[in-house]
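Structure, as structure tokens:
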Amino acid sequence: MSLKAAAARVQDALAAQGVDLHVRQFPASTRTAAEAAAAIGCEVAQIAKSIVFRAVESGDPVLVVASGVNRIDEARVAALIGQPIGRADAGFVREATGYAIGGVPPVGHARQPITVIDRDLLDLVEVWAAAGTPNAVFALTPQQLVALTGGTVGTVRAA
């Protein structure tokens, strides 16, 4: 099956960074961490969910890639990036990343976001990230995730 256009853009972004990672499409939705884990056959913790916020002062997109079991603590993320963050609406997410909510990948964005990686992901051998559509994902190691995104690693989960 050929990749949908958004998933193909993610595959191209991965190839451009010189990594041999492959986007997979599923017939079932992988929009939420629970749906993704069920479709893939992995633990919810292994889903590297991408949540986009807006930096309050700069207006820049802030991408938080968190373990699927963690709720994000916005104050912790703000402390990591040095400015407060706020929720981003669907229009901002699409404009900033080039992707719709539910399929935002950690790479290949329209605008380079400030990126924060959940420290809890580093305890895992393999994680699965969204790949541009609500049913496309790719597997990688947490170390590859950090290297590909240039993200700051920190504690983002709510206490």
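Remarks
- Selected residue [surrounded by fewer than 17 Cβ atoms within 10 Å (Cβ to Cβ), on the phi > 0 side of the Ramachandran plot and at pLDDT 95 or above] from Gly91, Gly86, Gly98, Gly59: Gly59
- Hits in region 113-159 (condition: out of contact with any Asp or Glu (no Cβ under 9 Å at 6 or more places or on another chain), within 22 Å of Gly82 (Cα to Cα) and among the polar types (S, T, N, Q)): Thr115, Thr149, Thr152
- Complete set of residues in region 54-70 that are within 12 Å of the chain's Cα centre (by Cα) and without any contact (Cβ under 8 Å) to a residue 40 or more places away in the chain: Gly68
- Among (1) under 15 Å from Thr155 (Cα atoms); (2) in contact with a helix residue (DSSP H, G or I) (Cβ under 7 Å, 6 or more places away or on another chain), the one test that Arg71 misses: (2)
- Test: residue in region 31-51 that is buried (at least 18 other Cβ atoms within 10 Å of the Cβ), over 14 Å from Val127 (Cα atoms) and in contact with a strand residue (DSSP E or B) (Cβ under 6 Å, 6 or more places away or on another chain): yes
- Residue in region 115-135 that is of a type outside the set (Val, Ile, Thr) and modelled with pLDDT under 95 present: yes
The values are calculated or read from the model by the stated rules, or taken from the named source; none is laboratory data. Given the structure is predicted, the values throughout are model-derived calculations rather than measurements. Using ideal geometry, Cβ is built from the backbone for each residue, glycine included, and neighbour counts are taken over all protein chains shown.
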